[in-house]
Amino acid sequence: MRCVAAVMRDRKADASDFVLKLLSGSPAYPRVDSEEFEETQSQASAAAWNRKFPRRKVEAAHFDYLKVIGKGSFGKVLLARHKETDVHYAVKVLQKSTIQNTKQQGQVMCERSVLLQTLDHPFLVRLHYSFQTSEKLYFVLDYASGGELFYHLQRERVFLEPRARFYAAEIASALGYLHTLRIIYRDLKLENVLLDRQGHVLLTDFGLCKEGVGATGHTGTFCGTPEYLPPEVLQQREYGPAVDWWGLGVVLHEMLYGLPPFYSEHRSEMMRNILQQPLSLGSGVSKRARDLLSRLLQKEPEKRLHKLSELECHSFFSPIKWVELLAKKVPPPFTPAQQTCPGDLVNFDPEFTELPVPLSLGVCGEADLTFSGFSYTCDNAAVVSPQHGKN
Ligand code: ADE
């Protein structure tokens with residue numbers, strides 16, 4: 001069998017896409033964010049700038065594009081600096097030519113409307129702006145300076161249980177929140193779990209989100225990387241929010257064992273394993289963790305653990321204080337290396353950061369509204385003042 005690092009590298013090459021969502025409106029949970037009390041100079045200047053130019057259109061040329069920090073089949077994610085406010089963001093750029101006239105166009109629209117709806121959760125990446133040029137779509141997002149959880153796990157092989165528990169709890173909290181809004185995340189995988197500066201989770205990439213599905217509702221199509229696909233999706237049966245709890249089981253398994261469950265280097269065998277092979281959990285992981293995994297990785301969705309409230313009561317999570325967790329008062333078990341300057345990308349894979357930054361990114365081109373209704377600033381949403389600099 002190949003080493004874990006090789007498997008992880010291959011998976012990385014296979015990783016589909018990123019994206020996200022976010023929302024506005026009145027927060028469903030209290031935001032107790034210590035950073036709100038430590039407004040930096042650049043945050044203050046961003047706020048001042050927004051007060052001065054409240055309705056100014058945001059466009060591609062307002063940013064300096066500094067480094068590539070992620071890459072998927074549809075585009076790139078770049079670290080960018082807003083020229084006037086000096087605030088750093090992650091900007092996801094999609095080529096219209098790769099999405100136009102395909103089902104993906106609908107997906108992007110779905111993504112955008114999800115982003116706009118009203119998402120406000122401490123463990124979800126926030127969308128600040130979206131805009132378009134004649135060739136590209138841009139999403140301006142929180143910059144998660146701690147990088148991908150995938151990157152950290154790849155370097156450490158496995159995480160000890162307290163650390164895996166903390167990430168699983170923050171992810172579960174975000175999933176439970178999405179489900180209350182009838183949103184299925186669908187694309188939970190390590191590459192979509194980012195860390196902020198302090199080490200808290202930020203889920204990103206809502207490109208595959210399905211809207212309009214409730215706790216008992218079901219929906220149709222699917223796409224995703226094979227090791228994360230639950231049996232009901234592989235069998236093209238209808239599926240619901242239980243797919244996300246399966247996804248959490250896969251991520252937790254990877255954190256504790258270093259590999260996804262049912263893993264095989266042969267895709268068809270892995271699919272067969274997912275459908276037929278009983279889950280086998282090696283010792284070296286606590287009984288409580290194994291019990292939770294067996295409930296999340298239950299092949300029959302009806303029998304799978306399927307509610308945040310159920311999960312919160314599971315003995316694996318007994319050390320977690322859920323109210324404090326949601327308030328970001330539980331200190332993260334790991335603090336990502338702090339960058340000495342914004343361009344110093346210590347938590348990002350050189351596979352990305354060494355890529356050239358396309359020169360065309362800041363070039364506005366003619367105004368183009370092929371994707372009507374796409375462009376967005378916090379001014380035309382319910383949230384008037386964007387939160388800045390949660391990096
Ligand atoms: N990679 C993908 N999205 C990102 C984000 N918002 N921040 C940092 N890295 C990312």
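Read the figures in this text as sums done on the coordinates, not as results from a lab. Note that this is a predicted model, so its numbers are computed, not measured. Counting neighbours? That spans all protein chains shown, and the Cβs are built from the backbone with ideal geometry, glycine included.
Each residue of the stretch 291-301 was assigned a 3J(HN,Hα) from its phi angle through the Karplus expression (A = 6.51, B = -1.76, C = 1.60, θ = phi - 60°), giving 5, 4, 4, 5, 7, 6, 9, 6, 5, 8, x Hz with x at Gly and Pro. Taking amide H as placed 1.01 Å from N in the peptide plane, the amide H of His128 sits under 5 Å from that of Val140, Leu141, Asp142, each at least 5 places away or on another chain. Among Glu265, Glu59, a tally of other beta-carbon atoms within 10 Å of each Cβ gives an order, fewest to most, of Glu265, Glu59. Backbone geometry of the stretch 171-179 corresponds, through the Karplus equation with coefficients 6.51, -1.76 and 1.60 at θ = phi - 60°, to 3J(HN,Hα) couplings of 5, 4, 4, 5, 5, x, 4, 4, 5 Hz, x marking Gly and Pro.
Pairs Lys83/Lys328; Lys57/Lys96; Lys189/Lys307; Lys67/Lys136; Lys76/Lys189; Lys189/Lys329: which exceed 27 Å Cα-Cα? All intermediate terms of the calculation are to be shown ahead of the outcome.
Details: Lys83/Lys328 30 Å; Lys57/Lys96 20 Å; Lys189/Lys307 19 Å; Lys67/Lys136 18 Å; Lys76/Lys189 18 Å; Lys189/Lys329 25 Å.
Going by Cα-Cα distance, Lys83/Lys328 fall outside the 27 Å limit.
The HN-Hα couplings worked out from phi for the stretch 139-154 by the Karplus form 6.51 cos²θ - 1.76 cosθ + 1.60 (θ = phi - 60°) are 10, 9, 10, 3, 8, 8, 6, x, x, 7, 4, 3, 5, 6, 5, 4 Hz, whole numbers, x standing for Gly and Pro.
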